[in-house]
Amino acid sequence: MNTFTKRLCFDEEKHEYSVDGIKLPSVTEIVSPFTFNKYKVDAAVVNQAAFRGKIIHEVCADYDLGALSDTDEIAPDIAMYLKAWKDFCHDYQPEWVYVEQMMACNDFAGTIDRVGIIDGNPCIVDIKTTSSMDRASKIALCTQIAGYILLCDSNTEYRIQNKNCLGVQLTKEGKYNVIPVRKVEGKYEFSSVSLFCNLMQINKIMRGDKKIVE
């Protein structure tokens, strides 16, 4: 991991990343223009969905890390999302290298759901628990993964290609939907890496924050 990640701090209450007291935008924040309208609803509904998503991510992480026992009590609704994740892991046989891993560079930070190997290729998998994945959500997903690819480039030995990366939508019915980045890019004719870099530059100009020294 680079020096930025080693000095990275995360305020869970504010959901803010910082290095040496200087706030870093998150990957999610950088790509938020795509999902602004989707989540422009009642704050209580958004908070409830975010809390549920957090719990689902934690349970799935415990499963992947071998920290989930048969005696652990899981709410029935959460258990259906876990079933979907277990089915995905069974079908795709991933070898996880990083689970819920925070990383940073001098411009931004983020927590990557999964970095691993699928079918012999290093890849990033991002878990989604939203009930619908419309055009904007899929573009945001791919652009978000592009940000994570850049973080991996500066923090690990892996040089991940976006064509190998996946979004995995878990549903309340216990099913999963795989969203390959390459198919979304092909359908809507865009480069997720270029799009992320453009959004990052816009975010950087608007913030006007101090530059963090390595």
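Label residue 201 and residue 10 with points 7 Å out from Cα along Cα→Cβ: what is the distance between them in nm?
Between residue 201 and residue 10, the simple spin-label model gives 2.9 nm.
Let me know the volume per residue of the alpha-carbon convex hull for the chain, in Å³.
Taking the convex hull of the Cα positions in the chain, it is 132 Å³ per residue.
How large is log10 I(q)/I(0) at q = 0.13, 0.14, 0.22 Å⁻¹ when the Debye formula is applied to the Cα atoms of region 122-214, each weighted equally and without solvent?
-0.50, -0.57, -1.11
Mind pulling the angle between the C-alpha long axis of helix 76-92 and the longest principal axis of the chain? Nearest 10 degrees, somewhere in 0 to 90.
Helix 76-92 and the main axis of the chain meet at about 80 degrees.
Helix 192-207 sits at what angle to the longest principal axis of the chain, using alpha carbons and giving 0 to 90 degrees rounded to 10?
50 degrees
Please go through the residue pairs 83/187; 23/163; 54/187; 6/163; 54/83 and name each one whose alpha carbons sit more than 26 Å apart in this structure.
Numbers: 83/187 30 Å; 23/163 31 Å; 54/187 30 Å; 6/163 29 Å; 54/83 16 Å.
In this structure, 83/187; 23/163; 54/187; 6/163 lie more than 26 Å apart at Cα.
Cα convex hull of region 71-110: mean projected area in nm², to one decimal? Kindly include the intermediate steps, with their values, before the conclusion.
Working: hull surface 18.6 nm².
Mean projected area of the Cα convex hull: 4.7 nm².
Which of these, 57, 90, 15, has the largest mean-square fluctuation under a Gaussian network model of the chain (Cα springs below 10 Å)?
Ranking 57, 90, 15 by mean-square fluctuation puts 15 first.
On average, how much accessible surface per residue is there in the chain, in Å², for a 1.4 Å probe, leaving out ligands, DNA and RNA? Before the final figure, lay out each step's value.
Values: 11610 Å² over 214 residues.
In whole numbers, the chain has 54 Å² accessible per residue.
The values are calculated or read from the model by the stated rules, or taken from the named source; none is laboratory data. Worth saying up front: this structure is predicted, and the values here are computed from it rather than measured. So basically every Cβ, Gly included, is an ideal-geometry build from the backbone, and we count neighbours across all protein chains shown. Calculation scope for accessible area: heavy atoms of the full protein, side chains included, ligands and nucleic acids excluded. Shrake-Rupley method; radii C 1.70, N 1.55, O 1.52, S 1.80 Å.
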